[in-house]
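The values are calculated or read from the model by the stated rules, or taken from the named source; none is laboratory data. Remember, it's a predicted structure, so these values are computed and weren't measured experimentally. Cβ: placed from backbone, ideal geometry, glycine included. Neighbour counts: every protein chain shown. Remember, those area values only see protein heavy atoms, side chains included, never the ligands or the DNA or RNA. Shrake-Rupley method; radii C 1.70, N 1.55, O 1.52, S 1.80 Å.
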Amino acid sequence: MCSQTALPSCNVFNACTPLSVLFPGRVLCDMIPCGEEEVDEAIKSAHSAYLKWSKLSGMERARIMLEAARIIRERRDEIARAEVANNGKSITEAQVDIDVAWQCIEYYAGIAPTLSGQHIQLPGGSFAYTRREPLGVCVGIGAWNYPFQIAAWKSAPALACGNAMVFKPSPMTPVTAVMLAEIYKEAGVPDGLFNVVQGGAETGGLLCHHPMVAKVSFTGSVPTGKKVMEMAAKGVKQVTLELGGKSPLIIFKDCELENAIKGALMANFLTQGEVCCNGTRVFVQREIMPQFLEEVVKRTKVISVGDPMCEETRMGALISKPHMEKVLGFIKQAKEQGAKVLCGGERFVPSDPKLKDGYFVSPCVLDNCRDDMTCVKEEIFGPVMSVLPFDTEDEVLQRANNTTFGLASGVFTRDIARAHRVAENLQAGTCYINNYNVGPVEVPFGGYKMSGFGRENGQVTIEYYSQLKTVVVEMGDVESFF
Ligand SMILES: NC(=O)c1ccc[n+]([C@@H]2O[C@H](COP(=O)([O-])OP(=O)(O)OC[C@H]3O[C@@H](n4cnc5c(N)ncnc54)[C@H](O)[C@@H]3O)[C@@H](O)[C@H]2O)c1
Ligand SMILES: C[N+](C)(C)CCCC=O
């Protein structure tokens, strides 16, 4: 890497040992997963903090959250460099992730003072009112692709509503959630309000089962999401599930082709293709397929893969060796099933000897794809775009919806009526019209079908981190039947 990154200091529930060398393929830090005792301690301390935090007014909570957002802005480059070491994504993308994180905290700080209920008039001067109240201790469980951003997306609405959060990052990326905990503390949240516990499946299970936990917000794969839901159901805990996808991107022949090509690249190659909402099934209307392929391949071939700490790099390293092998396995299988590799799809070894053990894969465009191929049906979570021809709107809608996933979708067309008709008929939590993978924090994000339920970001997420109490006030005498 161009420069070394110092790991943040660790907090009480984080048993990782910083190593001084952070070259690709090396161990980032050694971790002892948190067991029953540490998880119990983290949840109890979060509960004590919740009792204080939930009694503050929205304005008071907002002031502290705004200070946290300010500190993140101030430390943006340091956190981004740690995120690169954590995940392997390019520094340019990591900086954007950190910006999205502080924007999210600012956004929910703005909402905190607006939380309110309703006043309902009843006969005889009696009335009722509703109060929006916090849930208590919420658990956040994160995936490894957007470690800092996921921690912010979960904690910001949780804290705005007056909850505490115990967050478990993926054991693949344990570092930057700890930095967020330190920042919240520095900003003035009560001790324990945002706790980080480290560990994998076992630690996650302990969190989901703990009786003092009111809600679990999970980001990860569908199989793990099902387990989380099952565990939470035992304690009748609320759940938000942000799961995987295999999203369609539909490009009609009347599109602005230059934008559609840029959109297809954005839909497939951010964060080495390890993005849940990627539009990996690119349906292109047959008439424009030759121009589309020529241009998309030309631009994919020049994506600079390599040292993620360098400003000019556009694609860094995949998360781990087993994951890289899984992605390369999908490409091999695609070829066996008849797909044609137009570019990339191989392990890439940069010329810098320090980077030779990194898990780099050259971005890949697959042609000759059919809907029944594994590469078109399953989430690869790597830099692999599958391109499929189509003829009519009805046909492409049916094929686009023929999946158990439903996280995102996209359409490129100049026909405004068609754009909205297609958006209405796509079975997905998000539809991008004439763009892809933009994610302003004001906009709700979440899935349909097996991509999950509940939402993150936007005003609606307040409903997933609070509960409504109804207070009924009698102004007259009690009318009793007895
Ligand atoms: N929809 C979204 O917002 C979104 C965002 C990012 C990633 N993802 C999805 O996440 C997946 C990749 O991430 P991953 O490999 O980290 O997913 P994963 O399901 O393997 O792990 C996710 C988290 O769950 C924890 N975990 C694993 N087993 C558990 C158990 N039994 N109980 C409780 N927790 C457990 C892991 O330690 C990790 O923190 C992809 O499918 C991707 O699409 C979805
Ligand atoms: C690419 N977005 C829009 C930032 C969403 C990332 C969410 C998780 O993978």
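Here are the numbers:
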quantity	calculated
Spatial separation of Cα centroids for the range 75-111 and the range 371-433, in angstrom	29
Between the range 264-327 and the range 155-217, the alpha-carbon center distance in angstrom	32
Residue-wise HN-Hα coupling along the range 366-373, computed from phi with Karplus coefficients 6.51, -1.76, 1.60 (Hz; x: Gly, Pro)	10, 10, 6, 8, 10, 4, 8, 6
Descending semi-axes in Å of the chain, equivalent ellipsoid built from Cα gyration tensor	40, 29, 19
Near-label residues of the range 102-146 by backbone N, under 16 Å of a point 7 Å along Cα→Cβ of Asp477	124
Highest to lowest packing among 423-432, 331-340, scored as the average C-beta count within 10 Å	423-432, 331-340
Reachable lysines, given that their alpha-carbon falls under 29 Å from the alpha-carbon of Lys356 and they are not under 8 places away in the same chain	Lys89, Lys298, Lys301, Lys321, Lys326, Lys332, Lys335, Lys340
Normalised contact order of the chain, rounded percent, pairs of Cα under 8 Å and 6 or more residues apart	19
Pairs of alpha carbons in the range 395-482 whose separation is greater than 19 Å (percent)	56
Interchain or long-range residues, amide H under 5 Å from Val196's placed H	Phe13, Phe167
Positive-end extreme of charge dipole, the chain - chosen from Gly344, Leu207, Ala101 (charges on Cβ)	Gly344
Cα→Cβ-extended label distance, 7 Å offset, between Lys185 and Met212, nm	1.8
Förster radius 45 Å - calculated FRET efficiency between Ser57 and Thr392 (Cβ-Cβ, nearest 0.05)	0.20
Calculated P(r) of the range 361-426 - Cα pairs past 17 Å, %	49
Accessible surface of the chain [probe 1.4 Å, protein heavy atoms]: carbon and sulfur percent	54
Sites Glu230 and Lys377 - FRET efficiency at Förster radius 25 Å, r taken between beta-carbons, to 0.05	0.50
